[in-house]
Each structure stands twice: as C-alpha cells, then as structure tokens.
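Since the structure comes first, as structure tokens, the remarks are kept for the end.
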Amino acid sequence: MQFNLDDVREQFPALAITDGNVPRIYFDNPAGTQVPLGVLGKMRECLVESNANIQGNFRTSDLVDATITEAHQAMADMLNAPSADEIVFGQNMTTITLHLSRSIGRLLSPGDEIILTRMDHDGNVGPWLMLAEDLGLEVKWLPFDTETFEFDLAALDELLTSRTRLICVGGASNLLGTINDVKQICAKAREVGALSYVDAVQSVPHVSTDVQDIGCDFLVCSAYKFFGPHQGILWGRREVLEKLTPYKVRPAPTAIPGCLETGTQSHEGMAGTLAAVDYFAWIGETMALDYHDHYRHFSGRRQFVHAAMDCLFDYEKTLAEKLLSGLQSLPGVRVHGITSPDAFERRVPTVSFSVDGLDPEKIAADLASCNIFVWNGHMYAVEAAKALEIYDSGGAVRVGPVHYNSVAEVETVLNALEDILPRANAA
Ligand SMILES: Cc1ncc(COP(=O)(O)O)c(C=O)c1O
C-alpha cells in the first residue's frame with residue numbers, strides 16, 4: 001500500500017477539531033506537531049499503570065523501568081544508534097544542550113576555537129556562546145549565502161585550524177528549511193580532530209537520520225517536533241560520552257546514559273516518544289513498502305522507521321512544491337529559502353516568507369482569523385534573521401507543513417493569503 005493520507009489523519013484526533021465549524025489548519029508544525037492516538041494511549045498507560053519512580057522493588061516500578069528501556073531502544077532505532085545506552089533523554093533540546101555543554105567544556109581550554117553557524121537556531125548557539133565566555137574560547141562563525149540559503153563549505157575550510165575543537169551545526173534550518181550537508185561538515189571536523197554537535201530538531205521530523213552515517217559525535221532532537229510529547233533526546237558517541245565529566249548529583253548513576261539524565265525524568269514523555277517511533281514504524285510497515293529496499297541493511301522496526309521517513313519525505317515534497325509555487329505567484333512575497341524544485345532534496349517543507357512593508361505578525365493574525373495556524377517572527381534563528389535583514393522588521397511568516405497536511409490545506413492557506421495580502425497592503 002502507498003502513503004494514505006486519510007489513514008494517517010485518522011490517527012490524529014486534533015486534526016478533526018473545528019471551531020465554530022471551521023476546521024483547524026495546523027501549519028505551526030516546526031514549532032510543535034500534533035500527536036497520534038498511539039502516543040496518547042502510551043502516555044496514559046504509563047501514567048495509569050506504571051506511575052512510579054524507577055528502580056524500585058515493586059510492580060509499577062518494574063513496569064516503568066521496562067518502558068524506559070524500550071524508549072531508549074526506540075530512539076536508537078530512529079537514529080540508527082549502535083546502542084540504546086548512547087541515547088540520553090532530557091527536558092528538551094535547549095536544556096540538554098545547556099547541560100551537556102558544561103561537560104563538553106571540561107574537555108576545552110582557553111584559546112580553543114569553536115565554530116558556530118549564522119543559520120542555526122539559538123538552541124545550538126546561545127549555550128556555546130556562554131561556554132565560550134566562561135572558558136575564554138574563540139568563536140568563529142560559518143555564514144550562509146543569503147541568495148542560495150546554503151553554506152559554502154569552502155568557507156568552512158577557511159575557518160578550520162588545528163585549534164578547532166568543536167563544530168555546532170543544524171541538520172535543517174527552522175527558518176529557511178535548508179537541509180545541511182552535515183555528513184560532510186562532520187567529516188571536516190573529524191579531519192582536524194574536532195567534535196561535532198548536530199542540532200537535528202528540524203531534520204528528524206522529515207528525513208531518515210543515521211548517526212553512524214553522518215559521523216557526528218552528538219545529535220540532539222525533540223520528540224514534540226516529530227509527533228511525540230515534550231521531550232528532548234540526545235545521541236552521543238559512546239567513546240565521547242564516556243570521556244565526559246557528567247554534571248550530576250552524587251548518588252545518581254555513574255554509567256551512561258543515567259549519569260547524564262539528571263533528576264527524575266518525564267517517564268510519560270519517554271513512553272510517548274517510544275509510541276511516536278512506533279507510529280513511524282506503522283507507516284513504514286503498512287505504507288512504505290516501496291521504500292523497504294532503501295534500508296535492506298536494517299531489520300524490524302529500524303527498517304520500517306527509516307523507510308517511512310523516505311516515503312514521508314517524498315509526500316512532503318509535493319506539499320512544498322505546491323506551497324512554494326503558490327507563494328511565488330503572490331505579488332510582493334519574498335521566500336527566504338530554496339525555491340527551485342531541482343533542489344527540493346535539500347529542503348524540508350518549512351517555508352518562511354515576508355512581504356515588504358507588511359508586518360509578519362499581522363499576516364499571521366489574519367490567517368489565524370481563518371483558523372490557519374502559522375508562526376511569525378525570527379523563530380529564535382537570531383543570526384539567520386539578522387543575515388537576511390529581517391530581524392528588525394518582525395522576521396518572517398513561517399508555514400510549516402508535515403505529512404498529515406493535505407494539498408487542499410496548502411491551497412486554503414494560499415487562497416487566504418491571496419485575499420489577505422492586498423487588503424493589508426491597502427490598509
Ligand atoms: C532547529 C531548532 N533547534 C532547537 C530548538 C529548540 O528545541 P527545544 O524546544 O526542544 O529546546 C528548536 C525549536 O524550535 C529548533 O527549531
């Protein structure tokens with residue numbers, strides 16, 4: 001069976017909600033996705049049947065321990081991690097990164113160089129700037145081309161030196177939608193002996209993610225962006241994780257991953273994350289049969305999840321194509337991202353645009369009055385918004401489809417904009 005949108009949408013109760021008979025159209029997905037029934041059920045089950053702290057000597061604690069073990073394994077499958085104990089759960093990407101940056105900092109010395117990018121979300125910038133300030137590190141910036149919306153990797157070669165210790169880069173931009181060549185960037189980091197930290201928050205919901213193929217040292221993502229609950233997840237290469245000094249309290253475990261999972265975790269969040277991975281596996285098993293061959297080297301859930309991601313990517317490309325061609329035909333609209341269909345392999349369907357002279361907040365509010373949910377502003381991609389010179393003018397409007405959106409919903413947002421933009425211009 002091929003991708004079946006009706007079957008997919010039935011899994012998401014939120015998609016059926018209307019307000020005064022007007023359906024909700026969710027294009028705020030890069031800020032957080034809706035959740036399928038399996039996630040809701042698993043979280044409920046966790047809270048009803050196994051609501052206890054971990055490693056006690058009684059039934060509910062045994063059950064939650066089992067769920068936590070399964071959740072680590074599910075994320076190992078999702079990211080093709082060599083082992084489940086390299087998966088670290090935490091509150092969200094930002095908190096994990098702030099926390100882990102302290103431990104990574106113990107490996108660095110004053111005068112060491114780190115490379116940050118002008119494209120990344122501040123979750124992969126701010127924590128490292130603070131670390132640099134604390135330790136006296138030198139920060140170098142990798143720019144992106146504001147015409148192509150991609151990095152020029154020759155520019156990275158110019159930045160790398162024998163003192164480079166760390167490169168922090170995003171898998172996909174939450175503002176531009178660009179998918180970055182993290183494999184090549186991590187290879188360049190390795191050549192000079194630097195560690196690499198990949199913020200995959202915006203790529204994991206859209207593309208198959210294989211940490212072994214990427215060759216990074218750390219990769220971090222957030223389940224609430226891929227149809228799970230509010231939960232952050234980090235993968236770290238075992239040799240590197242074991243070298244870190246964990247910031248932890250004394251009685252906490254000393255081995256990975258427990259030494260990095262501080263305090264009492266969100267067990268229901270891990271349960272929901274497990275179910276989100278199983279949701280992808282369901283798609284892979286039932287709708288992505290044509291894609292199984294891409295992952296013959298995997299088996300079981302791992303193969304299904306990765307096949308599902310390729311299948312969903314192809315479907316999402318049709319949404320991106322429709323959205324981008326429609327936006328480009330609207331007068332005055334400036335898309336901040338790749339628009340050429342030839343390059344759609346290098347973008348997720350997240351599309352940001354602005355209209356000269358119009359406040360993005362006003363456009364988002366007008367769409368909200370039609371029950372169409374989009375984001376506006378700089379979306380925490382502070383450096384990118386500054387590079388595009390939209391930081392001081394309210395940023396952009398971001399329309400972010402995912403695989404549960406339909407072509408009809410894309411048409412609805414385009415029709416609404418066709419109506420809204422001339423009115424706003426005239427006002
Ligand atoms: C690319 C990217 N990185 C990091 C974050 C921060 O994620 P979290 O909310 O899990 O801290 C976001 C959130 O939007 C994001 O889009």
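Worth a mention:
- Among (1) farther than 19 Å from VAL207 by Cα; (2) within 16 Å of the ligand (Cβ to nearest atom); (3) not aliphatic (A, V, I, L, M), the one test that THR178 misses: (1)
- Condition met for GLU147 (away from the ligand (no atom under 16 Å from the Cβ), farther than 22 Å from ILE338 by Cβ and modelled with pLDDT of 95 or more): no
- Residue within the range 73-94 that is more than 22 Å from GLY300 (Cα to Cα) and either assigned by TED's automatic domain parsing to the domain that holds HIS306 or part of a helix (DSSP H, G or I) (or both) present: yes
- Inclusion of ASP290 among residues that are in contact with a Cys (Cβ under 9 Å, 6 or more places away or on another chain) and surrounded by fewer than 21 Cβ atoms within 10 Å (Cβ to Cβ) is warranted.
- Considering (1) within 11 Å of the ligand (Cβ to nearest atom); (2) out of contact with any Pro (no Cβ under 8 Å at 6 or more places or on another chain); (3) closer than 20 Å to LEU241 by Cα, the lone condition that THR97 does not fulfil carries the number (2).
- Count of residues meeting criterion [out of contact with any helix residue (DSSP H, G or I) (no Cβ under 7 Å at 6 or more places or on another chain) and closer than 18 Å to ASN405 by Cα] in the range 365-386: 3
- Across the range 376-395, a minimum of one residue is classified as under 23 Å from GLN34 (Cβ atoms), part of a strand (DSSP E or B) and of a type outside the set (Val, Ile, Thr).
- Matching residues, the range 370-393, being more than 16 Å from the ligand (Cβ to nearest atom), surrounded by fewer than 20 Cβ atoms within 10 Å (Cβ to Cβ) and within 23 Å of the chain's Cα centre (by Cα): LYS386, TYR391
- Within the range 35-55, the residues that satisfy the criterion of being β-branched (Val, Ile, Thr) and either part of a loop (DSSP other than H, G, I, E, B) or in contact with a Phe, Trp or Tyr (Cβ under 8 Å, 6 or more places away or on another chain) (or both) are VAL35, VAL39, ILE54.
- Under the condition of being within 15 Å of the ligand (Cβ to nearest atom) and β-branched (Val, Ile, Thr), the residues counted in the range 186-199 number 1.
- ARG106, sole failed condition from (1) within 16 Å of the ligand (Cβ to nearest atom); (2) surrounded by fewer than 22 Cβ atoms within 10 Å (Cβ to Cβ): (1)
- Qualifying position, being under 28 Å from LEU15 (Cα atoms), surrounded by 20 or more Cβ atoms within 10 Å (Cβ to Cβ) and away from the ligand (no atom under 16 Å from the Cβ), among LEU358, LEU367: LEU367
- Applying the condition of being within 16 Å of the ligand (Cβ to nearest atom) and either of a type in the set (S, T, N, Q) or on the phi < 0 side of the Ramachandran plot (or both) to the range 5-32 and asking which residue is surrounded by the most Cβ atoms within 10 Å (Cβ to Cβ) yields PRO30.
- A count restricted to the range 200-228 and to residues that are on the phi < 0 side of the Ramachandran plot, away from the ligand (no atom under 12 Å from the Cβ) and either assigned by TED's automatic domain parsing to the domain that holds GLY400 or among the aromatic types (Phe, Trp, Tyr) (or both) stands at 1.
- Condition check for ALA81: more than 16 Å from the ligand (Cβ to nearest atom), of a type in the set (A, V, I, L, M, F, W, C) and over 30 Å from ALA252 (Cα atoms): no
The values are calculated or read from the model by the stated rules, or taken from the named source; none is laboratory data. These figures come from a predicted structure and were not determined experimentally. Neighbour counts are summed over all protein chains in view; Cβ atoms, including those assigned to glycine, are modelled from backbone coordinates with ideal geometry.
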